[in-house]
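Report on one structure; see the data block that follows.
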Amino acid sequence: MKHITTLQLIPSAPFDFDSTFHKPDHFTTGDNAWEPGTRWQTFPWQQIPLGLVIKNAGTVDQPAVQIDIHHDTPLDEAFLSSFTAEFRYRYNFDLDLSGFYAAFAVDPVLGPVITRWRGMRPGHPSSLYEYLIIGIVLQNATVRRSIQM
């Protein structure tokens, strides 16, 4: 891919990069890789194949995410705007967790878990279709198989 466009996105705080972008319990595909602070991901958008290098550029309390978009053809502002909106949605960059933390951070059971995973966002890089298919297929998994996964 000949071109690289860099975006800087600011998720709402708190935001934990690694626990948001690395979810080994999901059905992983061969089109991504992760190491602490960086995720590589293919991302077809509007029928244009993209290669993303997503990097942690902040802290949990002052988060920032840098995305290097590798592409073959120039990307216009409308494309980048729609990509940014979709990316923010898929990774829940605007999720307000303050009510959840206020209600459960002092819970004797949930408190330690919340402290450990503070800033983690639910999210999935795949499309809604792919996520629905995973949900449907998992209904056929036995409890034993789910535990093994």
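The values are calculated or read from the model by the stated rules, or taken from the named source; none is laboratory data. Quantities reported herein were computed from a predicted structural model and do not represent experimental measurements. Virtual Cβ from ideal backbone geometry, glycine too; neighbours counted across all protein chains shown. Side chains included, ligands, DNA and RNA excluded: accessible areas come from the protein's heavy atoms. Shrake-Rupley method; radii C 1.70, N 1.55, O 1.52, S 1.80 Å.
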Take the residues of the range 36-89 that are among the small types (Gly, Ala, Ser) and part of a helix (DSSP H, G or I): which is nearest to ASP16 (Cα to Cα)?
ALA85
Which of the following residues is in contact with a His (Cβ under 6 Å, 6 or more places away or on another chain) and either at pLDDT 95 or above or not hydroxyl-bearing (Ser, Thr, Tyr) (or both): GLY51, GLY111?
GLY51
Index of the failed condition, ILE114 passing every other in (1) within 21 Å of HIS22 (Cβ to Cβ); (2) surrounded by 12 or more Cβ atoms within 10 Å (Cβ to Cβ); (3) under 15 Å from the mean Cα position of the chain (by Cα); (4) of a type outside the set (D, E, K, R):
(3)
Working only within the range 120-133, note down all residues that are over 30 Å from ALA64 (Cβ atoms) and modelled with pLDDT under 75.
TYR129
Neighbours by Cβ (under 9 Å, 6+ apart or cross-chain): first from the range 11-22, in contact (Cβ under 8 Å) with a residue 12 or more places away in the chain and charged (D, E, K, R); second in a loop (DSSP other than H, G, I, E, B) and open to solvent by less than 20 Å² (accessible area, probe 1.4 Å)
ASP16/PRO63; ASP16/GLY119; ASP16/ARG121; ASP18/GLY37
It is to be established whether one or more residues within the range 119-127 are touching an Asp or Glu at 6+ places or on another chain (Cβ under 6 Å), of a type in the set (A, V, I, L, M) and either in a helix (DSSP H, G or I) or open to solvent by 50 Å² or more (accessible area, probe 1.4 Å) (or both).
yes
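Residue-by-condition table, conditions (1) farther than 14 Å from PRO14 by Cα; (2) hydroxyl-bearing (Ser, Thr, Tyr); (3) open to solvent by less than 70 Å² (accessible area, probe 1.4 Å):
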site: ASP68; (1), (2), (3): yes, no, yes
site: SER81; (1), (2), (3): yes, yes, no
site: ALA85; (1), (2), (3): yes, no, yes
site: ASN92; (1), (2), (3): no, no, yes
I'd like to know if the range 6-28 contains one or more residues that are in contact with a helix residue (DSSP H, G or I) (Cβ under 7 Å, 6 or more places away or on another chain), under 26 Å from LEU97 (Cβ atoms) and part of a strand (DSSP E or B).
yes
Does TYR101 fit the bill of being surrounded by 10 or more Cβ atoms within 10 Å (Cβ to Cβ) and modelled with pLDDT under 80?
no
